[in-house]
Amino acid sequence: MVASSTLFHNDVVITTRLITMYSMCGSPLDSRLVFDGLEKKNLFQWNAMVSGYSRNKLYEEALRAFIELVLQTEFKPDNFTFPCVIKACGGVLDVGLGQGVHGMTAKLGVLGDVFVCNALIAFYGKCGLVDEAVKVFDYMSEKNLVSWNSMICVFAENGFAQEGLGLFSEMIKCEKSFVPDVASLVTMLPVCAGEGNLETGMVFHGLAVKLGLNQELMVKNALLDMYSKCGCLSLAKGLFDKDNNKNVVSWNTMIGGFATQGDTRGTFYLLRKMQVEGREKTNEVTILNVLPLCLERSELLCLKELHAYSIRHGFHYDQLVANAFIAAYAKCGSLCSSQLMFNGMETKTVSSWNALIGGYAQNGAPRKALEFYLQMINSGIKPDRFSLGSLLLACSHMKSLCFGKEIHGYLIRIGLETDPFIVISLLSLYIRCGKSASARMLFEEMENKSLVSWNALIAGYSQNGLPDEALVLFRQMLSDGIQPDEISINSVFGACSQLSALRLEKKHIAML
């Protein structure tokens, strides 16, 4: 190592560059070895160390180094230190610490620095504090393109689509008239995709062409995503076919687009083509993009092909992929395959157990669901709302009111009894066990009644031979402005059929 040479050991420029070089090459441990070997350290070397940790997403180490710098040296952090530290605060989502660092920047007189402000905008945006980000942005006396892009990104990522579009318009019309770059377009195109705003998306496409940015890979991928999500799969496919510089994101976007449209044939055609061309390696996202299609269509054959594909590429070891396959096999009714997948996992998380327990509960095997729930508890894994929801479903199938009430009591003790997912599971339990009054009581206590909860109770009344109550509740639902769906209508038809049968029966009895 160059740093070990006596000649260069205390050369400030060379050692600082070595620390930076190792961190940029993804080797922060070597950076630390160089840093620790220095007899005397200056602020440049501290900054290089903090920056290296932050660059490699070792945010806690970056914060520890910063605290060490502040408490154990006479150096004062500067406008190079703070952006890296603020980024680390965002990385660990520590709002309190980030606000403390914000205060330090003001105290040390660097709050006016554009790089510090840009980092603060990104930090507050990542923590969901949009108003705080706006305050920093408005406070800035001088903004650069990164400042505008950062603020637009904060709006976009926090669901303020119109504000993001408005700020973009303001950026290009302001006194300095900033010219959008790749980052600007890659921020705005997903906003159009999320809103399904094809017209505005096409305007940004035109702008990309005008600025000569339409051949940038990130922009091309954002355009593919926008057209796919706006339902213009043919336009997306046209761009994709013309592109000779695709990466795995391009393929995943296109495959995901076909999968979302429910096009099994098109999805698997692209998946196979991706393998044949072989220029880009697939990743876990490829698998996770296709899996929902197999779930929606209950395509067991396609699911097995996808599973074999994931095994060949080694993705079945990925926790998220494995859990998704357990759930997918269960949804397709192949509980044996689901359990085999589960048994093959080295590390089982609560999500893994939930996928299997939920699979058995949903496929009419409540006792197996209960058996695996108890195994999960015995293995030391704490159940979550999904585990308990599946357990309630199992109780519903077994019509085990006694055990269901025990779970209800436990839910009250842990404060989950008002969770919407749990309430609907409890509604189903009481309805299935013939306790319509208890179900109605739960329903009335709900603050925000979803269509699912209305449907559950209407169907429950109908199933329990209370057609009048079902129809009264249906009218109440309509008066509350809730639009019925197919499930609501079928339940109402069932109730009407029961009323017709009752009237006919009464007529026959009267005739006798």
- Task: Give the calculated FRET efficiency between residue 279 and residue 39 to the nearest 0.05, with a Förster radius of 30 Å applied to their Cβ-Cβ distance.
- Result: 0.05
- Query: Nearest 0.05, what FRET efficiency do residue 320 and residue 13 give at R0 = 41 Å with Cβ-Cβ as r?
  - Reply: 0.35
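Checking the a/c ratio against 1.5 first, then a/b against b/c, what shape does the Cα gyration tensor give for the stretch 308-358? Intermediate values should be presented prior to the final figure.
Numbers: a/c = 1.87, a/b = 1.22, b/c = 1.53.
Verdict is oblate for the stretch 308-358.
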- Please report, to one decimal in angstroms, the Kirkwood hydrodynamic radius of the chain built from all distinct Cα-Cα pairs. 27.8 Å
- Note on the structure: Taking the alpha-carbon centre of each part, the distance from the stretch 166-192 to the stretch 350-419 in Å is 49 Å
- Between residue 381 and residue 406, with labels modelled 7 Å along Cα→Cβ, what's the label distance in nm to one decimal, could you check? 2.1 nm
- Taking the dipole of the chain about the Cα centre (Lys, Arg +1; Asp, Glu -1; charges at Cβ), the one of 271, 343, 218 that reaches farthest to the positive side is 343
- In degrees rounded to 10, the 0-90 angle between helix 300-312 Cα long axis and the longest Cα principal axis of the chain is 30 degrees
- Message: For the pair residue 343/residue 497, report the inter-label distance in nm, with labels modelled 7 Å from Cα in the Cβ direction.
- Response: 4.1 nm
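When Lys and Arg each count +1 and Asp and Glu each count -1, what net charge do the other residues less than 13 Å away from residue 334, Cβ to Cβ, add up to?
Surrounding charge for residue 334 is +1.
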- Item | Net charge of Cβ neighbours under 11 Å - reference residue 176; Lys, Arg +1; Asp, Glu -1 | 0
- For residue 76, which aspartates and glutamates qualify as cross-link partners when the Cα separation must be under 15 Å and same-chain residues fewer than eight apart are set aside? 68
- How much net charge surrounds residue 375 when only the other residues with a Cβ under 15 Å from the Cβ of residue 375 are counted, with Lys and Arg +1 and Asp and Glu -1? +3
- Message: Quick check: the distance between the Cα centres of the stretch 85-119 and the stretch 260-316, to the nearest angstrom?
- Response: 43 Å
- Query: Hey, can you rank 223-232, 153-162, 474-483 by average C-beta count inside 10 Å, highest first?
  - Reply: 223-232, 153-162, 474-483
- Query: Reachable lysines from residue 126, Cα under 21 Å, same-chain residues fewer than 8 places away excluded?
  - Reply: 57, 87, 135, 143
- Message: Per-residue counts of other Cβ atoms within 10 Å, averaged by peptide: what ranking do you get for 124-133, 248-257, highest first?
- Response: 248-257, 124-133
- Task: Give me the lysines in straight-line cross-link reach of residue 273: C-alpha distance below 24 Å, same-chain residues under 8 apart excluded.
- Result: 220, 229, 237, 242, 246, 281, 304
- Task: Quick one: order 290, 101 by neighbouring beta-carbon count within 10 Å, fewest to most.
- Result: 101, 290
- Query: Under the Karplus relation 6.51 cos²θ - 1.76 cosθ + 1.60, θ = phi - 60°, what is the ordered set of whole-Hz ³J(HN,Hα) values for the stretch 279-288, x standing for Gly and Pro?
  - Reply: 6, 10, 7, 6, 9, 4, 4, 4, 5, 5
- Query: Using alpha carbons only, how many degrees (0 to 90, rounded to 10) separate the axis of helix 81-91 from the longest principal axis of the chain?
  - Reply: 10 degrees
- Task: Treating the angle as unsigned and between 0 and 90°, give the value, to the nearest 10°, between the Cα long axis of helix 436-445 and the longest Cα principal axis of the chain.
- Result: 30 degrees
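Within a 10 angstrom radius of the beta carbon, how do 59, 329 rank from fewest other beta carbons to most?
Listed from fewest to most nearby Cβ atoms, that is 59, 329.
No lab work stands behind these numbers, since they all come straight from the coordinates. In this text, all values refer to a predicted model and were calculated from it rather than measured experimentally. Note that each Cβ is placed from the backbone with ideal geometry, even for glycine, and that neighbours are counted across all protein chains shown.
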